[in-house]
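Peer 1: Before we start, here is the structure in question, set down as structure tokens.
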Amino acid sequence: MLKNKQKPNKFQRIGFLLLIFGLILYLNRNALIYRNIIDYVDTKHINAKIIDKKERGRGSHMFEFYSYYYEFNLNGKTYQNPSYNKKYKIGDSIKVIYSTQFPFMNKPVLE
């Protein structure tokens, strides 16, 4: 005999979907939030160097798509973010724009 299983109610389903949505935003906050907000805060430019750390893209297990991270030092702290550009090679120097108040919010300057 089958037992009656209680289905999640409407609020539980909505809560679960909000949790999943929040997790996706949190894990992709650099590309989805920080890179867009930086246009509205005080910023400065700095030179960064491409390092040997890879950010794998979608389908990278099939097509070997990846980009390297860049790194810069500011006030004794090191900041790293993915470049999201596969044309950069290890050792390249690139210009980065960063928030003066929150330096972890940064992105490469498009040339």
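The values are calculated or read from the model by the stated rules, or taken from the named source; none is laboratory data. This structure is a prediction, so every number in the text was calculated from the model and none was measured. Positions of Cβ are backbone-derived with ideal geometry, glycine not excepted, and every protein chain shown enters the neighbour counts. Keep in mind that these areas ignore ligands, DNA and RNA; they rest on the heavy atoms of the full protein, side chains included. Shrake-Rupley method; radii C 1.70, N 1.55, O 1.52, S 1.80 Å.
Peer 1: I want to check the label-to-label distance for residue 86 and residue 100. Put each point 7 Å from Cα in the C-beta direction and report it in nm to one decimal.
Peer 2: 3.8 nm
Peer 1: Which residues' amide hydrogens lie under 5 Å from the amide hydrogen of residue 43, considering only partners 5 or more residues apart or on another chain, with H built in the peptide plane?
Peer 2: 100
Peer 1: Given H placed 1.01 Å from N in the peptide plane, which residues other than close sequence neighbours of residue 105 have an amide H under 5 Å from its amide H?
Peer 2: For residue 105, whose amide H was placed from the backbone, the distant partners under 5 Å are 99.
Peer 1: Another question about this same structure. At a probe size of 1.4 Å, how large is the accessible area of residue 24, to the nearest 10 Å²?
Peer 2: Looks like 90 Å² after rounding.
Peer 1: Read phi for every residue in segment 89-105 and hand back ³J(HN,Hα) as whole Hz from Karplus 6.51 cos²θ - 1.76 cosθ + 1.60, θ = phi - 60°, with x for Gly and Pro.
Peer 2: 10, 4, x, 5, 9, 10, 8, 10, 9, 9, 6, 5, 8, 10, x, 5, 8
Peer 1: Expressed as a fraction of 2.2 N^0.38 Å, the rule-of-thumb size for a compact globular protein of N residues, what is the C-alpha radius of gyration of the chain?
Peer 2: 1.49
Peer 1: What 222 nm value per residue comes from the helices of the chain, counting each DSSP H run with n ≥ 4 as -39,500 (n - 2.57) and dividing by all residues, nearest 500 deg cm²/dmol? If you can, show how the numbers build up before the last one.
Peer 2: Values: 2 runs with 22 residues, N = 111.
Value at 222 nm, helices only, nearest 500: -6000 deg cm²/dmol.
Peer 1: Under a straight-distance cross-link criterion of Cα-Cα below 20 Å, which lysines are reachable from residue 87, leaving out those fewer than 8 residues away in the same chain?
Peer 2: 49, 53, 54, 95, 107
Peer 1: With a probe of 1.4 Å, find how much accessible area the chain has per residue, and write the answer as a whole number in Å².
Peer 2: Averaged over the residues of the chain, the accessible area is 81 Å².
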